[in-house]
Amino acid sequence: MAFESLSEKLQNVFKNLRSKGRLTEDDVKAALKEVKMALLEADVSFKVVKEFIKAVQDRAVGQDVMSSLTPGQMVIKIVNEEMVRLMGSETTEIKLKPSNEITVIMMAGLQGAGKTTTIAKIAGKLKSKGRKPLLAACDIYRPAAIQQLQINGQKQGVEVFAMGTSHKPVNIVKAAVEHAGKNGFNVVIIDTAGRLHIDEDMMNELIEIKENVNVDQTILVVDAMTGQDAVNVAGMFNDKVGIDGVVLTKLDGDTRGGAALSIRAVTGKPILYIGMGEKLSDLEQFYPDRMASRILG
Ligand code: GDP
């Protein structure tokens, strides 16, 4: 299960709170200090933790809470509500145009983040909703990446548009959109090049595609297991290229939860989906309230 170490720590804090009848301000402050430590250990960014604790404290240390019959429960409820708010409150879906138009989705991410796998997962979801997706292979630097997209596309029964490695990505995208128009596809998902680290060329390539093609959604794929690095990557992509949302992969192996808790607050952009395993069916919609319940137990 994801987040077990964070969950365990928070549940211990809450157990202590619940076991007390009356609470003093100092009890609440001491408990929140432990929550703060647990969040920092979970690799939630310092600024996010500070603001979160302040928001909880402002609401939890007051006459209403202290004089209630179950102050411990009230504090826990406030932590829960603020955590849901931190993650964006509402579920955000990928925005699609009507079926008679072509929606162009550009997928970006560092190598190994799970981009190719996620593209196939999303294509499967769109297909099951009655859409006709086409995958455009634009990672021209790694022939293996094109091949892997083709293998994944085949598994999902989704066509892959490829032009080898000798054309510019922006031209492949243009040709893919044209192909889509002629052949009744209504979603084009672009697989862009991933690098091991952020670099200028990679960013410029994405910007060039955006400037020359009508990209409807830019979605960034980041690996939850890299914690704050994932958050930094998301911040940089958003600043340079502009993103509309994030897919957080490998949450099934993430014991800490820092990325899930920080990304929205740091980038202002929603998490759209979470990757929960290697299988092409392991992609879930992101629900902030369910995520908070998973973390808080
Ligand atoms: P890319 O380089 O970004 O295209 O990454 P890939 O799609 O090739 O994925 C890299 C590795 O991560 C592969 O072994 C995938 O099976 C694995 N992977 C992708 N998403 C998930 C996920 O949600 N959970 C787990 N456990 N593994 C994942």
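FYI, it's all coordinate maths here, none of it is from the lab. Here the structure is a predicted model, which means the values were calculated and not measured. Glycine gets a Cβ as well: all are built from the backbone with ideal geometry, and neighbour counts include every protein chain shown.
Assorted remarks:
- Leading residue at positive end of dipole, the chain (Cβ point charges), from GLN63, GLN154, SER128: SER128
- The dipole here belongs to region 20-123: it is taken about the Cα centre, uses +1 on the Cβ of Lys and Arg and -1 on the Cβ of Asp and Glu, and is about 200 debye.
- Helix-only arithmetic for the chain: the sum of -39500 (n - 2.57) across DSSP H runs with n ≥ 4, divided by the residue total, places the mean residue ellipticity at 222 nm at -16500 deg cm²/dmol.
- Linear extension gain, GLU278 paired with LYS20, 0.36 nm per residue minus alpha-carbon span: 88.5 nm
- Charges were assigned to the Cβ only: +1 to each Lys and Arg, -1 to each Asp and Glu. The resulting dipole of the chain about its Cα centre is roughly 620 debye.
- Here the 3J(HN,Hα) profile of region 53-65, calculated from phi with Karplus coefficients 6.51, -1.76 and 1.60 at θ = phi - 60°, is 4, 5, 4, 5, 4, 4, 8, 8, 9, x, 4, 4, 5 Hz, Gly and Pro shown as x.
- Counted over region 57-182 with a bin width of 10 Å, the fraction of Cα pairs per bin, in whole percents, is 11, 31, 21, 11, 12, 10, 4, 0.
- Charge-dipole axis of region 100-174 as Lys and Arg at +1 and Asp and Glu at -1 on Cβ define it, positive-most pick from ALA144, ILE172, ALA113: ALA113
- Placing +1 on the Cβ of every Lys and Arg and -1 on the Cβ of every Asp and Glu, with nothing else charged, gives region 79-188 a dipole about its Cα centre of roughly 340 debye.
- Anisotropy class assigned to region 11-61 is oblate, per the alpha carbon gyration tensor with a/c at or over the 1.5 cut-off and a/b no larger than b/c.
- Scoring 26-36, 174-184 by mean Cβ neighbours within 10 Å over their residues and listing the highest first yields 26-36, 174-184.
- Rg/Rg_ref, region 192-245, where Rg_ref = 2.2 N^0.38 Å and atoms are Cα: 1.11
- Pairs from LYS182/LYS269; LYS15/LYS95; LYS129/LYS182; LYS132/LYS168; LYS47/LYS168 whose Cα-Cα separation, in the structure shown, is over 31 Å: LYS182/LYS269; LYS15/LYS95; LYS47/LYS168
- Summary of packing: across the peptides 212-222, 95-105, the per-residue average of other C-beta atoms within 10 Å ranks them, highest first, as 212-222, 95-105.
- Globularity index of region 131-252 is 1.06 (Cα radius of gyration / 2.2 N^0.38 Å, N = number of residues).
- Cα gyration tensor shape of region 81-121, rounded if a/c is under 1.5, else prolate or oblate by comparing a/b with b/c: oblate
- Alpha-carbon spread of the chain, three principal axes, descending order, Å: 69, 37, 29
- Charge dipole of region 66-218 about the Cα centre (unit charges at C-beta), most positive-ward option of HIS197, GLN73, ASN183: ASN183
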